[in-house]
1. What pairs come out if I take residues in segment 274-301 that are touching a residue at least 40 places away in the same chain (Cβ under 8 Å) and pair them with residues that are loosely packed, with under 12 Cβ neighbours inside 10 Å whose C-beta lies under 9 Å away, six or more apart or interchain?
2. Residue pairs, Cβ under 6 Å, 6 or more apart or interchain, first in segment 230-256 and more than 22 Å from Ala167 (Cβ to Cβ), second at pLDDT below 95 and of a type outside the set (Phe, Trp, Tyr). List them.
3. Report yes if Phe289 is modelled with pLDDT of 95 or more and exposed (fewer than 14 other Cβ atoms within 10 Å of the Cβ), otherwise no.
4. Would you mention how many residues in segment 167-210 are farther than 25 Å from Ile255 by Cα, of a type outside the set (Val, Ile, Thr) and outside any helix (DSSP H, G or I)?
5. Return yes when Trp247 is among the aromatic types (Phe, Trp, Tyr) and crowded, with 22+ Cβ neighbours inside 10 Å and no when it is not.
6. In this structure, is Gly273 in contact with a strand residue (DSSP E or B) (Cβ under 6 Å, 6 or more places away or on another chain) and among the small types (Gly, Ala, Ser)?
7. Hey, which of the helices (runs of 4 or more DSSP H) in segment 259-369, taking only ones fully inside, have at least 2 residues that are over 21 Å from the mean Cα position of the chain (by Cα) and of a type outside the set (Gly, Ala, Ser)?
8. For segment 1-117, give me every one of the strands (runs of 3 or more DSSP E) that falls completely inside it and has 2 or more residues that are in contact with a Pro (Cβ under 7 Å, 6 or more places away or on another chain), at pLDDT below 95 and over 25 Å from Lys130 (Cβ atoms).
Amino acid sequence: MSWTDPSRYLEKIVVESSCAEYQITRTIIERAGLPVTIVDESDFPALVDGQYPDNLSQGKKTLLLCLNRSEFLKKCPATREYRCCDYQVINVGTGCPMDCVYCILQAYLNNPYLTFFVNKEDLLSELDGKLSASESRLMRIGTGEFTDSMALDRFTHLSRDLVHFFAERTNAVLELKTKSAFVDNLKGLKHQRRTIMAWSLNSEKIMRTEEIRAANLEERLGAAAKCASWGYHLAFHFDPIISYPGWQQDYRETIRKLFAAVPAAAIRWISLGGFRYLPKLKQIGTSRFPHSGIYHHEFIEGLDGKQRYFRPHRVQLYKVLYRELISYADPSTCIYFCMESDEIWQEVMGFVPGDKGGLPAMLDKTMAG
């Protein structure tokens, strides 16, 4: 079954009573056409029967519309032990209808249902204030840290509001990252190339077996090609790179198909990150997905407390993908590691970010044109 638009998996909407009369709440309900229940905040723990994480599969069918009562924009939850790109994250909601075996949110969150924050005006006001106070530097901002950026966009249309907002900013760029292929709301927008459309990619075997209800490779690349034709810059993230028999040829094939589908000059950056996970994720992942073998490998605890492949194997993974990527990529595209040490950079790419002014500067340079 094709899951170009994973929002089709949802079966019901729950609305926090304090925001039931918001215009955006009513609009989302109308677009979704799903059964609706009004609840108080005290009812949230009982929205899905069972205990977490056993109720996570069922919880992904429920969308809670509620208020965000804290900050929307925060720094990416990186770790100081590895090179970070100085990314900023907009928290627009949590969870998504897709169900990736390796998803860190299974161990990071504790609610099985999806949430979307409807106080959009507060979000835009906060962004305006923070960007106005930081006019001297370029901020790279994304929405895809705690949710998929486009998985619910058929209901929310949030992408349109954010694209319009960032089109008027010269000191910020928005990245919308997804595993879906729903991009209808992006057509015809005057984005001023301040929005980068990004896709997480993997080998087709991993997409098929470990990324449940995600669009397949052809669907993702087709959506990316559409966005490129509409003038959007693109980005791609090979993260997590997962080891299994035959991975070398499979990842090379994904890269070949990527550059056959989209113009290389449209790609601003490509990230690489080996499979890593919080220790408690292994128990959750193997329990929920007993037929998956991705956790049955040799791992070592990294400096950030996450389980990682041994360094020699990570280097092997990275070298295969990096060499394939640079054989196709435009010289202006920044290929970088997500959360790796200078030693890995030097061994695979032959330089460290500091040689080029640091990773944030390397990424900022891609937007100069």
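The values are calculated or read from the model by the stated rules, or taken from the named source; none is laboratory data. Being a predicted model, the structure only gives us computed values, none of them experimental. Cβ atoms come from the backbone with ideal geometry, glycine included; neighbour counts cover every protein chain shown.
1. Note: pairs meeting the criteria are Leu278/Gly305.
2. What qualifies is Asp239/Cys338.
3. Numbers: modelled with pLDDT of 95 or more: yes; exposed (fewer than 14 other Cβ atoms within 10 Å of the Cβ): no.
So Phe289 fails the test.
4. So the count comes out to 11.
5. Working: among the aromatic types (Phe, Trp, Tyr): yes; crowded, with 22+ Cβ neighbours inside 10 Å: no.
For Trp247, the condition - among the aromatic types (Phe, Trp, Tyr) and crowded, with 22+ Cβ neighbours inside 10 Å - is not met.
6. Details: in contact with a strand residue (DSSP E or B) (Cβ under 6 Å, 6 or more places away or on another chain): yes; among the small types (Gly, Ala, Ser): yes.
So Gly273 fits the description; yes.
7. Qualifying helices (runs of 4 or more DSSP H): 279-288, 311-328, 342-349.
8. none
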